[in-house]
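Before any comments, here is the structure.
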Amino acid sequence: VDALLAAVTPRTRMLFLANPNNPTGTYLPAAEVERLQRGLRPDILFVLDSAYAEYVTAEDYSVGIDLVDASDNVVMVRTFSKMGIAGERVGWMYGPDHVVDAVNRIRGPFNVSLSGQAAAAAAARDVEFTARLREHNARWRSWLTRRWRRTPSGCRRARATSSWRCSRMRRPRRRRSPPCARPASWCAKCTAMAYPKACASRSGSKSTCARWSKF
Ligand SMILES: Cc1ncc(COP(=O)(O)O)c(C=O)c1O
């Protein structure tokens, strides 16, 4: 939070926070997000990307609805992907009227198909299915995190809050050494975020988790 606030300049118009983050799997507790918002000028739009909210089980986490309600410069953006309909490409936003109005004016016309809207409405109603997804994710997240910690090739402190976990490798990565030889984009993502010695993975189906655990 301090680093983000220190990076704000008189030219800053927007602050974007992915909470939890992709791919590090780290998150800021509600109190820290509030502190961040309090430290911003009111003319800076604070965009809270809570895409992974459905998977978070930490008790000190908040999706940000209260913060939106209590201020004029906060919006929360979400996705239906984590409710099981990633292929429909539907997201949503909750924010003050003046921001919603501005976004409405610039969004592409017909940007969400009718089938996407119907699927999203059904997914929102099917709370039982979303709860099952959360349970599945929490189960395999712990399993994979434990495996990562035990692995000899080395993940020091694998941590995970959403479906992502990211960890430093004990040994420097060799060019073709797994898991970096596998779907390499996850490692590339860490490099892009200035964590060159880190590797990230996310939990998914049982077989995906089993594949990720073997390195
Ligand atoms: C942090 C973050 N925000 C937003 C999204 C958007 O999700 P989607 O494009 O599946 O709606 C993702 C994707 O998983 C994400 O990781």
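The values are calculated or read from the model by the stated rules, or taken from the named source; none is laboratory data. Please read these numbers as outputs of a predicted model, since none were measured by experiment. So basically every Cβ, Gly included, is an ideal-geometry build from the backbone, and we count neighbours across all protein chains shown.
A few comments on the model shown:
- Asp43 more than 16 Å from the ligand (Cβ to nearest atom) and either within 18 Å of the chain's Cα centre (by Cα) or part of a loop (DSSP other than H, G, I, E, B) (or both): yes
Matching residues to (1) out of contact with any Pro (no Cβ under 7 Å at 6 or more places or on another chain); (2) farther than 26 Å from Pro29 by Cα; (3) among the aliphatic types (A, V, I, L, M):
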{"position": "Glu59", "(1), (2), (3)": "yes, no, no"}
{"position": "Ser62", "(1), (2), (3)": "yes, no, no"}
{"position": "Ile65", "(1), (2), (3)": "yes, no, yes"}
{"position": "Asn73", "(1), (2), (3)": "no, no, no"}
{"position": "Val77", "(1), (2), (3)": "yes, no, yes"}
{"position": "Phe80", "(1), (2), (3)": "yes, no, no"}
{"position": "Met83", "(1), (2), (3)": "yes, no, yes"}
{"position": "Gly95", "(1), (2), (3)": "yes, no, no"}
{"position": "His98", "(1), (2), (3)": "yes, yes, no"}
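- Any hit, the range 62-82, residues being modelled with pLDDT under 95 and either polar (S, T, N, Q) or more than 21 Å from Asp2 (Cβ to Cβ) (or both): yes
- Against the test of being within 11 Å of the ligand (Cβ to nearest atom) and under 20 Å from Gly116 (Cβ atoms), the options Met83, Met93 yield a single qualifying residue, Met83.
- Only residues that are under 17 Å from Glu135 (Cα atoms) and not in a loop (DSSP other than H, G, I, E, B) were counted in the range 51-103, giving 6.
- Output for the range 23-39, where each listed residue is within 12 Å of the ligand (Cβ to nearest atom) and out of contact with any Lys or Arg (no Cβ under 8 Å at 6 or more places or on another chain): Thr24, Tyr27
- Residue match in the range 138-159 (condition: within 16 Å of the ligand (Cβ to nearest atom), part of a helix (DSSP H, G or I), under 13 Å from Met83 (Cα atoms) and modelled with pLDDT of 65 or more): no
- Candidate set from the range 37-61 (those that are among the polar types (S, T, N, Q) and modelled with pLDDT of 95 or more); member that is surrounded by the most Cβ atoms within 10 Å (Cβ to Cβ): Ser50
- Qualifying residues in the range 54-80 (those that are β-branched (Val, Ile, Thr) and out of contact with any strand residue (DSSP E or B) (no Cβ under 7 Å at 6 or more places or on another chain)) - the one farthest from the ligand (Cβ to nearest atom): Thr57
- Condition check for Leu48: in contact with a Leu (Cβ under 8 Å, 6 or more places away or on another chain), part of a helix (DSSP H, G or I) and not charged (D, E, K, R): no
- Consider the range 1-22 and keep the residues that are of a type outside the set (Val, Ile, Thr), loosely packed, with under 13 Cβ neighbours inside 10 Å and in a loop (DSSP other than H, G, I, E, B). The one that is nearest to the ligand (Cβ to nearest atom) is Arg13.
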